[in-house]
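Worksheet: the structure to be examined is printed underneath.
The values are calculated or read from the model by the stated rules, or taken from the named source; none is laboratory data. Keep in mind that this is a model prediction, so the values were computed, not measured. Cβ sites come from the backbone with ideal geometry, for glycine too, and all protein chains shown count toward neighbours. Ligands, DNA and RNA are excluded from the accessible area calculation, which covers all protein heavy atoms including side chains. Shrake-Rupley method; radii C 1.70, N 1.55, O 1.52, S 1.80 Å.
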Amino acid sequence: MEWSFVFFLNSVLLGVGLAMDAFSVSMANGLHDPKMNKGTMCKIAGTFGIFQAAMPMIGWVCVHTIVELFASFETLIPWIALALLGYIGGKMIWDAFHEAPESETCASESTLNLRELLMLAVATSIDALAVGITFAFLKVSIVPAVLIIGCITFVLSFVGVAVGNRFGTRFQKKAEIAGGTVLVLIGLK
């Protein structure tokens, strides 16, 4: 496929569609940690962007190399996403009701650890595997497409964290419950 405006527009629109889960989860993370600094916001957005770009590439590679193995795994994808998002969302709701008073917690410490961030990134980008499979059959230029998808996801995720962070400072406990509920609902979707 040739590079064209239509290809670019399709990639941007696809990136926006794929990034909506990451945007919602990023907003939930911003709600969960109202004292989050810009570095942590970039780390969250960057992780989501990298995974959203990597998953279509992995799907594309699977079609070209290990189709039979991937086909048997495909039916488990929604259940894996549900388990990961349900766990993280449930933990956020639990923490909202069982959190230590603010004076006992470290104000500069982020409540989202690396393991949880990676689980969220996998859970929100796992549907992009199917996009990579589609790319393989449509003979799409994979590298520019995944770069566009990753950049769009980074921007939307950063905006989501910032918006969630802004509202989280006002409504911390309720926002944390809402954020956890959003994660569980995305997993059920």
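Annotations for the structure displayed:
- Any hit, the stretch 143-151, residues being out of contact with any strand residue (DSSP E or B) (no Cβ under 7 Å at 6 or more places or on another chain), open to solvent by 20 Å² or more (accessible area, probe 1.4 Å), farther than 29 Å from Leu14 by Cα and at pLDDT 70 or above: no
- A search for C-beta distances below 7 Å between a residue of the stretch 29-47 that is in a helix (DSSP H, G or I) and any residue that is surrounded by fewer than 24 Cβ atoms within 10 Å (Cβ to Cβ) and among the β-branched types (Val, Ile, Thr), counting only pairs 6+ apart in sequence or on different chains, returns Gly30/Val163; His32/Thr111.
- Matching residues, the stretch 95-130, being touching a Ser or Thr at 6+ places or on another chain (Cβ under 6 Å) and at pLDDT 70 or above: Leu117, Ala121
- Residue in the stretch 13-25 that is over 17 Å from Leu138 (Cβ atoms) and not in a helix (DSSP H, G or I) present: no
- In this entry, Met92 is excluded by the filter for residues that are open to solvent by less than 20 Å² (accessible area, probe 1.4 Å), more than 30 Å from Val140 (Cα to Cα), aliphatic (A, V, I, L, M) and at pLDDT 85 or above.
- Restricting attention to the stretch 1-12, the residues that are within 17 Å of Ser125 (Cβ to Cβ) and either free of Cβ contacts under 8 Å to residues at least 12 places away in the same chain or outside any helix (DSSP H, G or I) (or both) add up to 0.
- For the stretch 122-150, the set of residues classified as outside any helix (DSSP H, G or I) and closer than 24 Å to Ser24 by Cβ consists of Ile126, Asp127, listed by residue number.
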